[in-house]
Every structure is written in C-alpha cells, then in structure tokens.
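Data first, discussion second: the structure below is written as structure tokens.
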Amino acid sequence: MFGFIKKSLSKTADALKSVVPKKKVSFSKDELEDILLEADIEYELVEIILREIYQDKVTRDILRSKLLATLAYTSYEEPKFTPPFVELIVGVNGAGKTTTISKLAARYKSEGKKVILGAGDTFRAAAIEQLTLWAKKLDIPIIASKQGHDSSAVAYDTIDSAKSRELDNVIIDTAGRLHTQTNLANELKKIARICDKAHSGAPHRTVLIIDGTQGNSAIAQAKAFNEMIGIDGIIITKLDGTAKGGSIFSIAYALELPILYVGTGEQPENLTPFDKYEFVDGLLD
Ligand code: GDP
C-alpha cells in the first residue's frame, strides 16, 4: 500500500521535475520564469519569486531556498486533545471531500485506530449515499440521517457514538454549498459549536479540501471558507493525471495554511502526507 503512495508522490514531483532541466547547474532569470510558469505556478507568485532574486545566474540552491520559502507555513502541529480526535471536513462540492474522507479513514484504520464517519452533508442525498458506501467498503461505522435533516445533529450523534464506543477518530463531512453563502457560513459555525458541546475542544481540526487543478478560483474559495469557519490545514486533491505540482506553491503561498496531505488518485490509498523538503528536493533531484 505504501509503495503505491510513494509512487504517487514521485508522480506529482515528476510533473514539475520534467520542466526543471536535470543537468543544468544554473538558470538565467528568463529561463527560470519559463520553468516556473510551465510548472503551473501562478504568474503573481512567479513574479514575487523572481523579484527577490538579485543574482543574474540562479543556482539550484537558490531555487531550492526560494521554493521552500513559498511553503513557509506548511508545518502543522496537532493540538492537545482528549480522544476522540474530531475533524470537520469542508470544501466546495466536487473538490473531493467524500473521497478524501474515505482516504483519511483508511489511513487511520491502517494505523490501528478506530474510526467513525458522520455524513454531515445533509444537503445532498448523493453525498450521504456515497459516504455510506465507502464506510461499508472500509468496514467502519457511519452515522447518517436523511437528506434535509439537521447536520449538526448528525455531528453530535457521531461524536456521542464515538465517545460511548471509545473510538479514536471522528471524521465529519459538511455541505459544500447551500442556498446562500451566509446559510453555509451559519451552518458550518453551528456544526463547530455543536461539536464543542458534544466534546469540549472539538473540532480539533478543520480541514479544507481543495481541487489542485482549479488554480486561482480554488484559492478564492479557500479564502472564503477560512473567513467562514477558520481552517487549520488543507488537503490538495487531484494532483495526479495532468495536474502539475506547481499549484501546491501557489495555494500554500496565497493561503498561508499548512498542507496536510495531497491526493493523488481516486482510491483510498492515494493520499500522501505532505513534506515540503521531500517535495522540493524531489523536484530538484
Ligand atoms: P465532493 O463533492 O467534494 O465530495 O467530491 P468527491 O469526493 O465526490 O470527488 C469528486 C470527483 O473527484 C470524484 O469523481 C472523485 O473520484 C474525484 N477525485 C477526488 N480526489 C481525487 C484525486 O486525488 N485524484 C483524482 N484523479 N480524482 C479525485
């Protein structure tokens, strides 16, 4: 399983590696601009990186430190908590929330932890069905109600069940869209409040799922979610296929939030913990 994860990450790195010429020791600023743009780093960030380079010739070491600097905010420290560890998963529909929840659940399960899911996107019947299917496949419990029911009640029941069964991890899905943004903001805030009521200090982590192929529009959505509820970390999905790893830099730099994992496929094992050193070194190897 983990061999495959490793392969997926190097595939992400490969996308960028293919545009950083392997044997070249240094680049002119023009060459570097082309390389970074080709790697899918947003134009604004490329300009910022170039503006802070004062040498005519840019060595691989300089490039490495510049790329690492754009990822300055990516380290995450788990807060102190009393089990179960409660996570709220937020993001727009289609970003990969349901798939990522199943990936997280599979990961925790493989670490020997007992997991429960809460189908908190009660706005979409399909989301409840899909998550229930994943729970069955992974053989883990799920609390789900009917479409239109109160999502914070689902969150409460999920945590309550986790506490009485002495489970380790609670992962709660949330709606990605409601009739208006204000409705969505109010719903997310209410869920967070109810989590705290069910288990003081919860949610311990609010994770935003971002589609890595969406560029600037994903960044704008992410900022909106951060204002609505406050995000502790992000997971960037769909970094397999045609997406180039460069979007990771743009997203991390714009949001100043830790990147927890990257999604590199549709299967539960396609979730890779993000390590900025490993990532950048992989690109420059
Ligand atoms: P949600 O609406 O946010 O819950 O999104 P879903 O989890 O249903 O995902 C939307 C689509 O993206 C589905 O077809 C998933 O299989 C696909 N998807 C999610 N994550 C990834 C990923 O990392 N890579 C690829 N290639 N597809 C993904």
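Compute the long axis of helix 151-164 from its Cα atoms, compare it with the longest principal axis of the Cα atoms of the chain, and write down the angle in degrees, 0 to 90, nearest 10.
80 degrees
Order 60-66, 188-194, 208-214 from most to least packed using the mean count of other Cβ atoms within 10 Å. Before the final figure, lay out each step's value.
Numbers: 60-66: 15.4, 188-194: 18.9, 208-214: 23.7.
Output ranking for 60-66, 188-194, 208-214: 208-214, 188-194, 60-66.
How much space per residue, in cubic angstrom, does the convex hull of the C-alpha atoms of the stretch 61-165 take up? Working shown, then result.
Values: hull volume 15.4 nm³, N = 105.
Spelled out: Cα convex hull of the stretch 61-165, divided by residues, is 147 Å³.
What do you get for the angle between helix 60-70 and the principal long axis of the chain? Use alpha-carbon atoms, 0 to 90 degrees, nearest ten.
Computed tilt is about 30 degrees.
Take every DSSP beta bridge with both residues inside the chain and express the antiparallel ones as a percent of the total, to the nearest 5. Don't skip to the answer; put the middle values down first.
Numbers: 6 of 29 bridges.
Of all bridge pairs located within the chain, approximately 20 percent are antiparallel.
So what is the relative contact order for the stretch 88-152, in percent, with contacts set as C-alpha pairs under 8 Å and at least six apart? Display every interim value, and only then the final one.
Numbers: 68 pairs, mean separation 20.6, N = 65.
So the answer I get is 32 percent.
Once you wrap a convex hull around the alpha carbon atoms of the stretch 170-242, what is its projected area averaged over all directions, in nm²?
Answer in nm², one decimal: 5.5.
As a check on your grasp of the helix formula, calculate [θ] at 222 nm for the chain: sum -39500 (n - 2.57) over DSSP H runs of n ≥ 4, divide by the residue count, round to the nearest 500. Walk me through the intermediate numbers first.
Working: 11 runs with 140 residues, N = 285.
Taking each H run of at least 4 residues, the total per residue is -15500 deg cm²/dmol.
Let me know the whole percent of all Cα-Cα pairs from the stretch 134-285 that are separated by more than 26 Å. Don't skip to the end; give the middle numbers.
Values: 3963 of 11476 pairs.
Tail of P(r) above 26 Å: 35 percent of Cα pairs.
Rank Lys24, Lys223, Lys136 by mean-square fluctuation in a GNM of the chain with C-alpha springs under 10 angstrom and give only the top-ranked residue.
Lys24
Given N residues in the chain, what is its alpha carbon radius of gyration divided by 2.2 N^0.38 Å?
Working: Rg = 19.8 Å, N = 285, 2.2 N^0.38 = 18.8 Å.
Normalised Rg, Cα atoms only: 1.05.
Convert each backbone phi in the stretch 194-201 into a coupling constant with the Karplus relation 6.51 cos²θ - 1.76 cosθ + 1.60 (shift: θ = phi - 60°), then list the ³J(HN,Hα) values in order as whole Hz, x for Gly and Pro.
Values per residue, Gly and Pro as x: 5, 4, 5, 5, 6, 7, 3, x Hz.
Just the number, please: carbon plus sulfur as a percent of the accessible area of the stretch 72-124, 1.4 Å probe, no ligands or DNA/RNA counted.
For the stretch 72-124, the apolar C and S fraction of the accessible surface comes to 51 percent.
Could you tell me what fraction of 2.2 N^0.38 Å the Cα radius of gyration of the stretch 231-285 comes to, as a two-decimal ratio? Let's see the in-between values first.
Details: Rg = 11.1 Å, N = 55, 2.2 N^0.38 = 10.1 Å.
Normalised by 2.2 N^0.38 Å, the Cα Rg of the stretch 231-285 equals 1.10.
The values are calculated or read from the model by the stated rules, or taken from the named source; none is laboratory data. These numbers come from a predicted model, not from an experiment. Quick reminder, even Gly has a Cβ in these numbers, built from the backbone with ideal geometry, and neighbours come from all protein chains shown. The accessibility values were calculated without ligands, DNA or RNA, using every heavy atom of the protein model including side chains. Shrake-Rupley method; radii C 1.70, N 1.55, O 1.52, S 1.80 Å.
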